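The values are calculated or read from the model by the stated rules, or taken from the named source; none is laboratory data. Because the structure is a prediction, the values reported are computed rather than measured. Positions of Cβ are backbone-derived with ideal geometry, glycine not excepted, and every protein chain shown enters the neighbour counts. Note: areas computed on protein heavy atoms with side chains; ligands, DNA, RNA excluded. Shrake-Rupley method; radii C 1.70, N 1.55, O 1.52, S 1.80 Å.
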2 protein chains.
Amino acid sequence: MEKRRLDCVGLPPGWKREEVVRKSGLSAGKTDVYYISPDGKKIRSKPQLARQLGEQFDLSAFDFRSGRINHSQLRKRMRHDSSLVLPIRQTASIFKQPVTVIHRQESKTKSELKHGPQDPPKQLFWEKRLQGIQACDSQEEVIKALDLPRNVQGVGPELTTENILQSISAALHISSSPVVGQGNNRATVAKNPGVNIDVYQPHIQQVIVSEDDIRRQEVKVIEARRKLQDAIKGIM
Amino acid sequence: MEKRRLDCVGLPPGWKREEVVRKSGLSAGKTDVYYISPDGKKIRSKPQLARQLGEQFDLSAFDFRSGRINHSQLRKRMRHDSSLVLPIRQTASIFKQPVTVIHRQESKTKSELKHGPQDPPKQLFWEKRLQGIQACDSQEEVIKALDLPRNVQGVGPELTTENILQSISAALHISSSPVVGQGNNRATVAKNPGVNIDVYQPHIQQVIVSEDDIRRQEVKVIEARRKLQDAIKGIM
DNA sequence: CGGAGTGGGCTT
DNA sequence: AAGCCCACTCCG
């Protein structure tokens, strides 16, 4: 029998993946997938793989059948919990990676908490968990990240451009109220993020938009619309 | 595991029904129902059962989960179509049974039919399809049919007490106008049911209600109310 | 490869 | 939201 044994992207080095096609019976034509551990042991299911690898590995996003990290799985989970669930960095491999958990300062007493429906506490800087995850198009080409305009400035500890973009995207996606940035300035926030950060706003300073900015944007939009019209005329 | 495999009332002999409770996972506690065909094949859904049994069986009123003929299904259909749908006898099994179809005499021409919204033709004596179906209480004890008062007399061919009761029940249930019985007498109807029967009325002669009848009924009601009051006092 | 047992899309 | 179906997983 011809078998394809290949190193597997989502797994530690040394692991091989194998596909076997069923040749007869009711399930003829279906394939069974299994994995060969570095020491030659045959693994036939995801639970078995998890047992073999141990606690250090997070297989929640690993698709056993395809052998890849399943991004649609990730999206499914996110829908249920907009602030994500676990303080575990989301990556494109199954290695669990340490992440600093920053607890929000709890100023409320228990009796105060009893009144009204309680929102779960929002983690500060949770967008950092998205670090290293990149969008790609249908051909799996990674889409280049945007550059930030000069007047958009991060507020918070060690924020990369990537972090800031993710923070803004998340705010636009999740929030139903205006996205305006942090009211407090950088120095204040640095002193005590737990108190001085507005968790409902992205980690950027408030951006001053001048009349000139608005006018320039209007010109751009009109320009873009004209180009689109021309393009459509060219097609029809 | 302990399984209850039982012969199933609504199905041909030899079929067994089985209930399995889900023990783990997100759906723990839910039950799955399946059926074992006489040759041991496991059937897991109603469409699959229909495929297995073939055209000879009418599962429209069969409730897969409970394994019974579903009378509430029947009622649901009646709401949409007060004269029922198919010229198939409704029984307590899923076997399709032959039934004599009586077409209503069509005196209208096609051009006449074009005007206004058309009611579907009402079948005469369709209540006969209900023959053999009996009400039962929650302990599955069959509820004894009522006796008819002497002044309630059937009008129509070969009507049993059962037919008449069903006809009256159906009229009370379906009709929004007064239920008064047939205007024409028995002899006239017997001559030509298609013409002389009022399909919107039950198959009974009009009942003469005298002043005396009314007075007797009033006494009965007052008596019943007093007894109910006494019973309630006894409880509280 | 079969089949019990569960997940999850789709319908009501 | 609840339930029905189906397809899949995982282990014998």
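Odds and ends about this structure:
- Over 25 Å apart at the Cα level, from the set A:16/A:46; B:30/B:144; B:23/B:46, are B:30/B:144.
- In Å², nearest 10: area of residue A:45 left accessible to a 1.4 Å probe: 40 Å²
- Residues whose placed amide H lies under 5 Å from that of residue B:62, excluding near-sequence neighbours: B:70
- Database remark: amide H of residue B:183 closer than 5 angstrom to the amide H of B:198 (H placed geometrically; neighbours at sequence offset of 5 or more, or on other chains; Pro and chain starts carry no H).
- Computed packing ranks the peptides A:12-24, B:223-235 as A:12-24, B:223-235, most packed first, by mean other Cβ atoms within 10 Å.
- Around the amide H of residue B:15, modelled in the peptide plane, lie the amide H atoms of B:8, all under 5 Å away and 5 or more residues distant in sequence or on another chain.
- Treating r as the C-beta distance of residue B:207 and residue B:55 and R0 as 35 Å, the FRET efficiency rounds to 0.20.
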